1. Just to be sure I understand, how many residues within the range 117-156 are on the phi > 0 side of the Ramachandran plot and either surrounded by 15 or more Cβ atoms within 10 Å (Cβ to Cβ) or of a type in the set (Asp, Glu) (or both)?
2. If Gly139 satisfies every condition in (1) touching a Ser or Thr at 6+ places or on another chain (Cβ under 8 Å); (2) assigned to a helix (DSSP H, G or I); (3) farther than 28 Å from Thr49 by Cα but one, which is the exception?
3. For the range 151-192, which positions are modelled with pLDDT of 95 or more and among the aromatic types (Phe, Trp, Tyr)?
Amino acid sequence: MHHGRIFSTPPDESDAAPGINLYTSLSTLPSTPTKSGLSLLADKVTPYTANGFLIQGSLIYISDASFIPDETWTLLEESRKRNGRPSVAIIDCLRPTAHTSHFGLREAVATAREIGAVRSYCVGFGHEVSHASYEKIFGAVDGQDDRDGWTKTERDGIGMIEGGDPIWIRPAYDGLQVTVSEGGMVVKDSGY
């Protein structure tokens, strides 16, 4: 996955143990634009790579990502052919709009739809939107679409998500416990 952060030069990995990649170095540029608006970018940039995890073909964890390369989608499709539908996907979503190094609502939901897990949970939220509002927005994605009393933020949030098949997706939170049946098709959690 690509985190979105860029290097003015690729990081020096000479001090890493064999087979270990160093993804951070002192030469990294800021992950967000400067307030002055001045560009700090060099002529050539290298994407910052973030790790995603596929655990036992059943749980997919993608955090701190703004792009999933084709080779990763191929890996996930091959796993699906071998192992069946994933049970749980945990997907990055910093805020309603995309960020240089994080998915927004549109990208998180599109990723969850593409993965097709029994249940998807989003993680990594900023403080722009309340947890209760994310519950309403994601609930509307799977058909719980009672919009009476919705705030402008909630209406704008669901408006950012492109139409598609309903999926079960919710915001995760500290302390949430998820249980997967032995066959993987029954997913329960301690909060929803």
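The values are calculated or read from the model by the stated rules, or taken from the named source; none is laboratory data. These numbers were taken from a predicted model, which means no experiment stands behind them. All Cβ positions, even for glycine, are placed from backbone atoms using ideal geometry, and neighbour counts span all protein chains on display.
1. Matching residues across the range 117-156 total 1.
2. Result: Gly139 fails condition (1) only.
3. Trp168, Tyr173
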